[in-house]
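Undergrad: First the structure, which I've put down as structure tokens, then a few questions once you've had a look.
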Amino acid sequence: MGGLDKSEPPLKRFKDLVVELDSTINNSLYSGPIISFKDLMARSVPSEGKEVMVGSKGVIKRVEFVRLITKTLYSLGYVKSGKLLEEESGIDLHSSAVILLRKQVLDGNWDESIVTLQKIGLNEQILKSASLLIREYKFFNLLENDRVMDALKTLRSEIAPLKINKNDCMSFLAALFSLVISLHGFANLDIDSGKVRLKLLEELQNLLPPAVMIPERRLENLVEQALYDQRDACFFHNPLDDTLSLFVDHQCGKDRLPFRTVQLLQGHENEVWFLQFSNGGKYLASSSKDKSVIIWVIHDDGEVSLKYTFHGHQKPVVMVAWSPDDHYLLSCGMEETIRCWDIHLGVCLREYEKNGVGLTSCVWSPDGKLFFTGLTDRSIALWDLEGNEVECLKGQRTTKNSDMAITQDGRQIITLCHETTILLHDREAQIEQLIEENQIITSFAMSRDEKFLLVDLSNQEIHLWSIANAPKLLTKYKGHKRSRFVIRSCFGGFNHAFVASGSEDSQVYIWHRATGDLIQALPGHSGAVNCVSWNPVNPHMLASASDDRTIRIWGLNRLDFKPMDASSNGFICMCNGSANGFLSTHC
């Protein structure tokens, strides 16, 4: 192989180099000294010829355990303690070869580190990959020091022979040559060599067997996995946060679930049909057969009070929908119009209607600038906030009693297209999938992570479907009563681990989502419970709406139960006025 003539232009020299490399790649195979796998573990403490085990189950190797503790001490910055543990236990964290390798890498002694690497005793593939990685860092280090010709020599004689795949090598060469041309004067760049070499050490650690170089944070990862296993095994797991203690085994009791009525809200004059917490959990909106919408505010202490009562619909309000930022609320009259309310100002901003058809449902687009509505002609309309119909999806895409949902990327819209069928329509790919049930579907709800769908059926069952890929039925929930009315269910609790539903027997039902086991039926209402909503940021707060004209707030077991109507605590519901800044608004 000829040398490089420094008098020739760089581009010509590079072309000649590529021709030579082509020949090198086609005729070279890497070979190197392969030593049997040994000296991987530091010296261990003998115990009559047997591996010393620790722990009550006898499954933990003492040497590995001590090395993990030592590694953790060093990672936490307790260098003296780490060294003391190595000395007292007689168990080294690393073999002498690995210690030397780490020092050589951090010092930038590339050729010496490759020689040391060959002494550790690695299989051929790992040795080849690790050697290639060090040589690539050597190449960039030479460029960093403006030693372009030495870098090209390293590329030709050291890196190219290890890149067996010709296409990969040529792509690598092209990218590097482009870098050399565009970054002439590479030495002037402000590059932290120490950080670069630490990065190389991290990459080597990922390549080498764990017994040679223990992965970073290995002990922390093991402890975290143990905590997660305890959390996942906790049937009633429902904390306010995911903090777990190392000092005790984790186990939640039923008292972590909202089983007790902590407030009774009385503001509606007729059956309460729908309610929903805002995305931030600060507000609760309810709608009623009395044609009104009430906004309730949740204070920092968990107390719920009336903020606004909205009037204006000519028919019962069947549902509401919060904008993504909780600034606006849509309310949908029964096959009537949709109104948009400003939650901060307490006013109706606009009324949306379409000649000849009624609006049956609504859902916001993820950006909060548009919203979808179901229509009585079974089509779907897309509106902007100014009242312009932007798009209309024709065909049998909805029913008169139609829930709707849309994914956060805005691609998939989910509707009830037939009394037993749910349509999942990908608007971008124009792909449609169906969830087909044998019974009439009365309502459905999508989980916040968009992986699951709860489907309420007329046969007194709720089905859990996975919709992450092809729709798949996972679990069935039974026990609640439904014969005549639309009864709605919801996900809730920590990580959506529970399912709640209303019932015509005046109770609220709670199941474990994964197992389908009924955990509790909550009495209290005196009429059918039409809808439930679990606070998305407070897993200890659940709300239920009933034909008895009340809303119950369910929380943890406590004795300070506070019934509240619209005139308590200074909040007065007035039909044509306001008091203390809390309005009853007409539109």
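The values are calculated or read from the model by the stated rules, or taken from the named source; none is laboratory data. As the structure is a prediction and not an experimental result, all values here were calculated from the model. All Cβ positions, even for glycine, are placed from backbone atoms using ideal geometry, and neighbour counts span all protein chains on display. In case anyone asks, the SASA skips ligands and DNA or RNA and just uses the protein heavy atoms, side chains included. Shrake-Rupley method; radii C 1.70, N 1.55, O 1.52, S 1.80 Å.
Undergrad: Residues that are among the hydroxyl-bearing types (Ser, Thr, Tyr) and free of Cβ contacts under 8 Å to residues at least 60 places away in the same chain: does the range 111-134 have at least one?
TA: Yes - at least one qualifying residue is present in the range 111-134.
Undergrad: Moving on to the next point. For Leu375, state whether it is out of contact with any Asp or Glu (no Cβ under 7 Å at 6 or more places or on another chain), modelled with pLDDT of 95 or more and not acidic (Asp, Glu).
TA: no
Undergrad: When Gly387 is evaluated against the numbered criteria (1) in contact with a Gly (Cβ under 9 Å, 6 or more places away or on another chain); (2) part of a loop (DSSP other than H, G, I, E, B); (3) open to solvent by less than 40 Å² (accessible area, probe 1.4 Å), which criterion, by number, is the only one it fails?
TA: (1)
Undergrad: For the range 74-87, indicate whether the set of residues that are open to solvent by 50 Å² or more (accessible area, probe 1.4 Å) and under 16 Å from Leu222 (Cβ atoms) is non-empty.
TA: yes
Undergrad: What's the number of the condition Asp111 fails, among (1) open to solvent by less than 50 Å² (accessible area, probe 1.4 Å); (2) more than 38 Å from the chain's Cα centre (by Cα); (3) modelled with pLDDT of 85 or more?
TA: Against the list (1) open to solvent by less than 50 Å² (accessible area, probe 1.4 Å); (2) more than 38 Å from the chain's Cα centre (by Cα); (3) modelled with pLDDT of 85 or more, Asp111 comes up short only on (1).
Undergrad: Can you name every residue in the range 339-372 that is outside any strand (DSSP E or B), more than 16 Å from Tyr283 (Cα to Cα) and open to solvent by less than 20 Å² (accessible area, probe 1.4 Å)?
TA: Hits for the range 339-372 are Gly358, Ser365, Gly368.
Undergrad: Just to be sure, is Ser305 assigned by the TED database to the domain that holds Phe444 and over 27 Å from Ser447 (Cβ atoms)?
TA: So Ser305 passes the test.
Undergrad: Hey, another quick one. Quick check: is even one residue across the range 331-338 more than 19 Å from Ala545 (Cβ to Cβ), assigned to a loop (DSSP other than H, G, I, E, B) and touching a residue at least 12 places away in the same chain (Cβ under 8 Å)?
TA: Taking every residue of the range 331-338 in turn, at least one turns out to be more than 19 Å from Ala545 (Cβ to Cβ), assigned to a loop (DSSP other than H, G, I, E, B) and touching a residue at least 12 places away in the same chain (Cβ under 8 Å).
Undergrad: All but one of (1) surrounded by 18 or more Cβ atoms within 10 Å (Cβ to Cβ); (2) at pLDDT 90 or above hold for Glu136; state the number of the condition that does not hold.
TA: It fails just one condition, (2).
Undergrad: Sort out which residues of the range 249-293 are at positive phi and open to solvent by 40 Å² or more (accessible area, probe 1.4 Å), and write them in order of number.
TA: Within the range 249-293, Lys291 is the sole residue that qualifies.
Undergrad: Report yes if some residue within the range 346-359 is farther than 24 Å from His311 by Cβ and either at pLDDT 90 or above or basic (Lys, Arg) (or both); otherwise report no.
TA: Within the range 346-359 (the criterion being farther than 24 Å from His311 by Cβ and either at pLDDT 90 or above or basic (Lys, Arg) (or both)), the answer is no, since none of the residues qualifies.
Undergrad: How about the range 288-303: which of its residues are touching a residue at least 24 places away in the same chain (Cβ under 8 Å) and within 24 Å of Gly493 (Cβ to Cβ)?
TA: Hits for the range 288-303 are Trp296, Ile298, Gly302, Glu303.
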